[in-house]
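*Asks:* Sharing a structure here in structure tokens format.
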Amino acid sequence: MGTADGSSPSALRLLVLGAAAGGGAPQWNCRCSVCARAWRGDAEVVPRTQASIAVSLDGERWTLIDCAPEVLAQIQRNPELHPRGPRHSPIEAVVLTGGDIDHIAGLLSLREGTPFTLYASGELQRTLADNRVFDVLRPEVVTRTALELDTWLILPGGVEARVFAVPGKAALYQPGEGEGIGAEGETTVGIELCHAGRRLYYVPGCARLSPALAARLEGADVVLFDGTLWRDDELIREGLGHKTGARMGHLSMSGPDGSIAALAPLGIRRKVFVHINNSNPVLVEHGAERREAERAGWEIAFDGMQIVL
């Protein structure tokens with residue numbers, strides 16, 4: 001018997017809970033050319049919350065990949081994640097891909113005593129343990145499990161997954177935030193999800209496409225990839241800041257060195273940009289940048305998007 005969306009009960013289902021980069025879109029303190037249209041209610045610029053996805057094989061037991069500050073609103077918008085008893089949640093695990101605020105702040109909203117497993121790299125688990133505010137996730141309720149890179153694990157419901165190093169950078173609040181940008185280690189990770197011989201990758205932050213990462217993504221069925229900026233100097237041009245995309249630890253979409261060009265030869269069947277900054281003109285639905293990305297075979301993620309593998 002199939003599910004309501006026509007998929008097999010054992011299909012890997014992915015819900016895009018949020019598709020924006022840190023701050024969301026529109027951002028609370030921004031009236032750049034893109035945000036201004038969103039604030040006016042322009043239907044061409046659909047608001048997005050900060051990036052997170054949920055995955056499940058059976059539609060009953062779910063894992064969040066990252067936990068955005070808007071997690072409560074994201075749960076409210078997705079009936080699959082609603083509680084089914086006085087004290088219950090179908091969310092049985094959270095996997096973190098990095099330590100930035102938009103990845104971890106939502107954990108503080110999951111403190112009401114329902115058990116789940118919190119998976120993160122050993123480095124990120126130590127960061128959380130050092131910050132006493134996360135003690136609200138009591139150890140007798142929330143099991144913290146350190147992930148080993150490139151080691152398979154089984155998430156709730158039987159989802160096969162492993163995390164891997166991605167070129168990235170430390171979070172803004174961490175010591176040495178501006179050092180070692182593009183290094184590969186436990187600071188920034190992506191996640192691979194496998195089902196029935198098919199591969200899906202979620203890489204919401206990436207400073208550069210290393211040969212190792214390119215080889216990993218080659219021939220994938222689905223890749224959700226860092227879409228923070230359209231061009232490297234976007235924030236500077238818009239008068240929003242002084243950092244380039246490279247300095248922020250993000251590979252931009254366009255140009256000869258951008259992700260559209262870099263991923264083009266990899267034979268990926270379905271490519272989706274996620275973690276999209278509020279300043280990125282690709283958010284304008286019929287704009288020139290959106291058309292260029294779509295001509296290159298890319299989709300632009302939105303809150304509520306569903307992918308079935």
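*Asks:* Size of the range 103-200 along its principal axes in angstrom, Cα-based, largest extent first?
*Replies:* Over the range 103-200, Cα extents along the principal axes are 41, 38, 18 Å.
*Asks:* Return the equivalent ellipsoid semi-axes of the range 86-135 as a descending list in whole Å, where each equals the square root of 5 times an eigenvalue of the C-alpha gyration tensor.
*Replies:* Sorted largest first and rounded, they come to 20, 12, 10 Å.
*Asks:* Over the range 45-131, what portion of Cα pair distances is larger than 18 Å, expressed as a whole percent?
*Replies:* Cα-Cα pairs of the range 45-131 separated by over 18 Å account for 42 percent.
*Asks:* For the range 247-277 and the range 108-185, compute the distance between their C-alpha centroids and round to whole Å.
*Replies:* Taking the Cα centre of each part, the range 247-277 and the range 108-185 sit 25 Å apart.
*Asks:* Another question, then. On the accessible surface of the chain, probed at 1.4 Å, how many percent belong to carbon and sulfur atoms?
*Replies:* 53
*Asks:* Using per-residue counts of other Cβ atoms within 10 Å, averaged over each peptide, order 297-303, 28-34 from highest down.
*Replies:* Output ranking for 297-303, 28-34: 297-303, 28-34.
*Asks:* Is it possible to state the helix-based mean residue ellipticity at 222 nm for the chain, with each DSSP H run of 4+ residues giving -39500 (n - 2.57), the sum divided by total residues, to the nearest 500 deg cm²/dmol? What is it?
*Replies:* Counting only the DSSP helices, I get -4000 deg cm²/dmol.
*Asks:* Sort 134-146, 154-166, 233-245 for me by packing, meaning the mean count of neighbouring Cβ atoms within 10 Å per residue, highest on top.
*Replies:* Ranking, from highest mean packing down: 154-166, 233-245, 134-146.
*Asks:* Quick one: work out the % antiparallel among DSSP beta bridges in the range 150-292, nearest 5.
*Replies:* 60
*Asks:* Going highest first, how would you order 76-85, 269-278, 50-59 by mean Cβ packing within 10 Å?
*Replies:* Descending mean neighbour count gives 50-59, 269-278, 76-85.
*Asks:* I want the antiparallel fraction of DSSP beta bridges within the chain, as a percent rounded to 5.
*Replies:* 50
*Asks:* Divide, for the chain, the radius of gyration over alpha carbons by 2.2 N^0.38 Å, where N is the residue count.
*Replies:* 0.94
*Asks:* Would the range 1-158 count as rounded, prolate or oblate if I go by the C-alpha gyration tensor, calling it rounded below 1.5 in a/c and otherwise prolate when a/b exceeds b/c, oblate otherwise?
*Replies:* oblate
*Asks:* With N denoting the number of residues in the range 247-309, provide Rg(C-alpha) divided by 2.2 N^0.38 Å, to two decimal places.
*Replies:* Rounded to two decimals, the normalised Rg is 1.12.
*Asks:* Please work out the average accessible area per residue across the range 60-200, using the 1.4 Å probe convention, and give it in Å².
*Replies:* That works out to 46 Å² per residue.
*Asks:* Continuing with the same structure: Explain nothing, just compute: Karplus ³J(HN,Hα) = 6.51 cos²θ - 1.76 cosθ + 1.60, θ = phi - 60°, for every residue of the range 286-294 in order, whole Hz, x for Gly and Pro.
*Replies:* Result, ordered by residue: 10, x, 4, 5, 4, 4, 5, 5, 5 Hz.
The values are calculated or read from the model by the stated rules, or taken from the named source; none is laboratory data. The shown structure was predicted, so the numbers you read here are calculated from the model rather than taken from an experiment. Cβ: placed from backbone, ideal geometry, glycine included. Neighbour counts: every protein chain shown. SASA here: full protein model, heavy atoms, side chains in, ligands and nucleic acids out. Shrake-Rupley method; radii C 1.70, N 1.55, O 1.52, S 1.80 Å.
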